[in-house]
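The values are calculated or read from the model by the stated rules, or taken from the named source; none is laboratory data. Given the structure is predicted, the values throughout are model-derived calculations rather than measurements. Cβ atoms come from the backbone with ideal geometry, glycine included; neighbour counts cover every protein chain shown.
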């Protein structure tokens, strides 16, 4: 089994990561990943089942956990797969980190609130 490595700062074959669909075409979609690289999700890598309409299954803004299956031109062209991600890899990608409530601060929101109220009042 391939090890999932989320600390990698670029596309490498076998990497399981989460990305957002930014463009959809009839048979493929372009996905954007947190580190700024993009990947192509082809209709053939969407599901083990037959997909009649790619565009009804995938839409802009959808977030998917995918596996990098090909990297070309030093990372300039990347192919990703949804169907090759195992359930255990998908779960690892969505692991939750405990949050310490003492680390949460709303001070920046509190500081902006009077300005936002003033702007809202001007619009009304």
(message) Please count how many residues of the range 23-76 are in a strand (DSSP E or B), surrounded by fewer than 16 Cβ atoms within 10 Å (Cβ to Cβ) and over 17 Å from the mean Cα position of the chain (by Cα).
(response) 2
(request) Pick out the one residue from 55, 38 that is in contact with a strand residue (DSSP E or B) (Cβ under 9 Å, 6 or more places away or on another chain) and more than 24 Å from residue 10 (Cα to Cα). (result) 55
(request) Filter the range 1-35 down to residues that are more than 17 Å from residue 89 (Cβ to Cβ), at pLDDT 90 or above and out of contact with any strand residue (DSSP E or B) (no Cβ under 6 Å at 6 or more places or on another chain), then give me how many there are. (result) 4
(request) Kindly indicate whether residue 91 is without any contact (Cβ under 8 Å) to a residue 60 or more places away in the chain, assigned to a helix (DSSP H, G or I) and either surrounded by 10 or more Cβ atoms within 10 Å (Cβ to Cβ) or out of contact with any helix residue (DSSP H, G or I) (no Cβ under 7 Å at 6 or more places or on another chain) (or both). (result) yes
(request) Could you grab the pairs with beta carbons closer than 8 Å, sequence gap of 6+ or different chains, first residue in the range 106-124 and on the phi > 0 side of the Ramachandran plot and at pLDDT 90 or above, second one surrounded by 10 or more Cβ atoms within 10 Å (Cβ to Cβ) and not in a helix (DSSP H, G or I)? (result) none
(message) Can you tell me which residue is modelled with the lowest pLDDT among those in the range 46-67 that are more than 21 Å from residue 91 (Cα to Cα) and in contact with a helix residue (DSSP H, G or I) (Cβ under 8 Å, 6 or more places away or on another chain)?
(response) 51
